[in-house]
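Structure first, then comments.
Every number in this text was worked out from the coordinates using simple rules, so none of it is lab data. This structure is a prediction, so every number in the text was calculated from the model and none was measured. Please note: Cβ atoms are built from the backbone with ideal geometry, for glycine as well, and neighbour counts cover all protein chains shown.
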Amino acid sequence: MPTRPLLLWLLPWIALAGLTGCPDEDRAAVWRGLERTLPIAVEAANPFDPGEVRVDVELVAPGGERVTVPAFLHQDYERSRRPDGGERLEAVGPREWRFRFTPTRPGAWRWRWTRTTTAGAERGAWERLRVAPNLDPDRHGFVRRPPGARHLVFDDGTPFF
């Protein structure tokens, strides 16, 4: 019966991680990077020109803090060798907009994308993101310098040497 107390201890973490089956929520964990594909077609002639198109993702933390991250253009490629020994890259699949983000606190986050073009701005609907606590002892967060300090620490207070 030693597994029962462990299971009871893990149940809140499992529920917070969204492992109980919430189909409309993504799963993420504190200090673990996530990457998502956005449901936006790449229509710009030059998607690398922010004057032509810019895609940003706004995230709202459980405490109400807002974070904006830029999206980026992604394209898969397949590598092969040419008969002359050179390399050939061939695009595979469609180009797509993606974003990456690393949550810094557990709880219920919200996010939405905004595409800004010369024709105006368009926004996606708010989506939910359930972020579980950090259970990985090797993840300590980002490295920062505390105000007025001459040393570096991780977000959880672990010293960085």
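In table form, for the structure just shown:
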quantity	calculated
Rg(Cα) / (2.2 N^0.38 Å) computed for segment 28-73, rounded to two decimals	1.41
Formal net charge of residues neighbouring GLY124 (Cβ-Cβ distance under 9 Å; K, R +1; D, E -1)	+1
Theoretical gain in end-to-end length, ALA91 to GLU65 [0.36 nm per residue, Cα-Cα removed]	5.5 nm
Simple label model, 7 Å out from Cα along Cβ direction - ASP155 to ARG32, nm	1.3 nm
Cα gyration tensor category, rounded, prolate or oblate, for segment 53-116 with a/c compared to 1.5	prolate
Angstrom value of the Kirkwood radius, inverse mean 1/r, which spans all Cα pairs in segment 96-146	14.0 Å
ALA119/SER80 FRET efficiency (R0 41 Å; Cβ-Cβ; nearest 0.05)	0.60
